[in-house]
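Have a look at the structure below, then the notes.
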Amino acid sequence: MSYGKISGYILIPVILLLLPADQFDTGTSLCLSKLLLHTECYGCGMMRAIMHLIHFDFSTALHFNKLSVIVFPLLGYLWAQSFLREVARHRPYRRG
């Protein structure tokens, strides 16, 4: 089961990289703040901005959400930390 987790940690970034940068640029917003109150929250446009950051399109990413340049490195750090923790669980125990 945990090998599935490790595969997911690898596959999701690869899939996002293979998708076009403008994959999520159009469509209905899922943000409750935008749907119910007609105002944007701090997270509005974050997925679109991160998709553009993955494809090195910084100007468009900043257009969608200026906080993405802070959130994306933090997400990368948390992803790497979780991935390495999961890999460490599957290493065989070696006695010194």
Between a first residue in the stretch 56-79 that is more than 20 Å from residue 40 (Cα to Cα) and touching a residue at least 24 places away in the same chain (Cβ under 8 Å) and a second residue that is hydrophobic (A, V, I, L, M, F, W, C) and crowded, with 16+ Cβ neighbours inside 10 Å, which pairs have beta carbons less than 7 Å apart while being 6 or more apart in sequence or on different chains? 57/21
How about the stretch 38-86: which of its residues are of a type in the set (Val, Ile, Thr) and closer than 18 Å to residue 14 by Cα? 50, 54
Which residue out of 23, 81 is part of a helix (DSSP H, G or I) and polar (S, T, N, Q)? 81
Exactly one of 75, 16 is open to solvent by 80 Å² or more (accessible area, probe 1.4 Å) and either assigned to a helix (DSSP H, G or I) or under 30 Å from residue 3 (Cβ atoms) (or both), and that residue is 75
Answer yes or no: is there a residue in the stretch 37-55 that is charged (D, E, K, R), under 18 Å from residue 75 (Cα atoms), free of Cβ contacts under 8 Å to residues at least 60 places away in the same chain and surrounded by 14 or more Cβ atoms within 10 Å (Cβ to Cβ). yes
Residue check: is residue 61 more than 21 Å from residue 5 (Cβ to Cβ), outside any helix (DSSP H, G or I), in contact with a helix residue (DSSP H, G or I) (Cβ under 6 Å, 6 or more places away or on another chain) and among the small types (Gly, Ala, Ser)? no
Are any residues in the stretch 19-34 more than 20 Å from residue 61 (Cβ to Cβ) and open to solvent by less than 90 Å² (accessible area, probe 1.4 Å), and if so, which ones? 33
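The values are calculated or read from the model by the stated rules, or taken from the named source; none is laboratory data. All values reported here derive from a predicted model rather than from experimental measurement. Because the Cβ atoms are built from the backbone with ideal geometry, glycine has one as well, and the counts that use them run over all protein chains shown. These area figures cover heavy atoms from the full protein model, side chains too; ligands, DNA and RNA do not enter into them. Shrake-Rupley method; radii C 1.70, N 1.55, O 1.52, S 1.80 Å.
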